[in-house]
Amino acid sequence: MRVALKIAYDGRSFYGHQRQPDRRTVEGECIAALRSARLIRDPKEAFFRSASRTDRGVSAIGNVIAFDVSLEPEAVLGAFNDKARDVWAWAVASVPDGFHPRHALERWYRYYLFEDIPVDFLRKAAAVFVGVHDFQSFTKEEPLGELALDEIDVTSSEGAILIDVRARSFRRGMVRRIVAGMAAAAREEVALDDLRRALAGTRRDFGSVPPEPLILMDVSYDFPFRVVLKPKVADEWREREADSLLRVQLFRLARAAAVPTA
């Protein structure tokens, strides 16, 4: 049976997401927990996969891992949480054998911008990015053709500006570089036409904002997850996450997200 778990973590606790032999990473911790719980032996044999490989410092509420296992889904979630450190599974789904978590319908990232910038100006800059564009000026990856960005919402909340970015897929560092370009335009350091030219293929570096205020909020599929967030897990989560605004917000958002999602 293949099982998918929605997981949350504070990215500052890890050296990125992807497995590395000499660094503590999110994938490495997930695999260690699954092995310790005797849920899997070999990640290759179990077809262990992640939906999104978040950069170092980036946190998540709704990232997804999937793997083959013999236990029932809810038992898998409990066993994982008993062994994992600084990663929490809060929802679970039984998925078809051919399921790969990277094949999602949508990924939703949220960036917390702690800067006094006019929200209206940010919204004008955000509108430039929506649609199908050449995002090579906004990623470190090699050219891979055009990409569709579905939506960017800009709102104010609790002393921060929230920038919500949604697309089927993203490239490495893309959200942070988009936010940097938006902020530069809102400060009138660059013109909106500079952003448009970059999205049309003219190479330009607008910089990148820090990774710590970025959260992967959710990864969506065409099936629901069953939420299993036990009170003990929630209490431990709150205690661990209470040392900064970002961590408190991470917990609150995860609790708010504790409803079946499609």
Condition broken by L71, with the remaining ones in (1) part of a helix (DSSP H, G or I); (2) aliphatic (A, V, I, L, M); (3) more than 23 Å from W108 (Cβ to Cβ) satisfied: (1)
Of residues in region 173-202 being assigned to a helix (DSSP H, G or I) and not hydrophobic (A, V, I, L, M, F, W, C), the one surrounded by the most Cβ atoms within 10 Å (Cβ to Cβ): G181
Residue match in region 154-167 (condition: outside any strand (DSSP E or B) and in contact with a Lys or Arg (Cβ under 6 Å, 6 or more places away or on another chain)): no
Residues located in region 104-119, provided they are exposed (fewer than 12 other Cβ atoms within 10 Å of the Cβ) and at pLDDT 95 or above: L105
Options E158, E146; residue that is under 22 Å from the mean Cα position of the chain (by Cα) and under 30 Å from Y15 (Cβ atoms): E158
Region 120-152, subset in contact (Cβ under 8 Å) with a residue 40 or more places away in the chain and assigned to a loop (DSSP other than H, G, I, E, B), residue surrounded by the fewest Cβ atoms within 10 Å (Cβ to Cβ): D150
Set D55, D97: member being part of a loop (DSSP other than H, G, I, E, B), assigned by TED's automatic domain parsing to the domain that holds K44, surrounded by fewer than 24 Cβ atoms within 10 Å (Cβ to Cβ) and within 14 Å of the chain's Cα centre (by Cα): D55
Criterion (modelled with pLDDT of 90 or more, in contact with a Lys or Arg (Cβ under 7 Å, 6 or more places away or on another chain), more than 22 Å from V128 (Cα to Cα) and buried (at least 19 other Cβ atoms within 10 Å of the Cβ)) met by exactly one of F170, F225: F225
Subset of region 1-41 that is among the acidic types (D, E) and not in a loop (DSSP other than H, G, I, E, B) - its residue that is farthest from the chain's Cα centre (by Cα): E29
First in region 70-88 and surrounded by fewer than 19 Cβ atoms within 10 Å (Cβ to Cβ), second anywhere and of a type outside the set (A, V, I, L, M) and at pLDDT below 90, Cβ under 9 Å, 6 or more apart: G78/K230; R85/S13; D86/D10; D86/S13; D86/R240
Unmet requirement for F80, which otherwise passes all of (1) in a strand (DSSP E or B); (2) over 30 Å from V209 (Cα atoms): (1)
Residue, modelled with the lowest pLDDT, within region 14-26, restricted to residues that are within 19 Å of E212 (Cα to Cα) and loosely packed, with under 15 Cβ neighbours inside 10 Å: R23
Hits in region 8-58 (condition: of a type in the set (V, I, T) and touching a helix residue (DSSP H, G or I) at 6+ places or on another chain (Cβ under 7 Å)): I40, T54, V58
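The values are calculated or read from the model by the stated rules, or taken from the named source; none is laboratory data. Since the model is a prediction, treat every value here as computed from it, not as a measurement. Don't worry about glycine lacking a Cβ; one is built from the backbone with ideal geometry, like all the others, and counts go over all protein chains shown.
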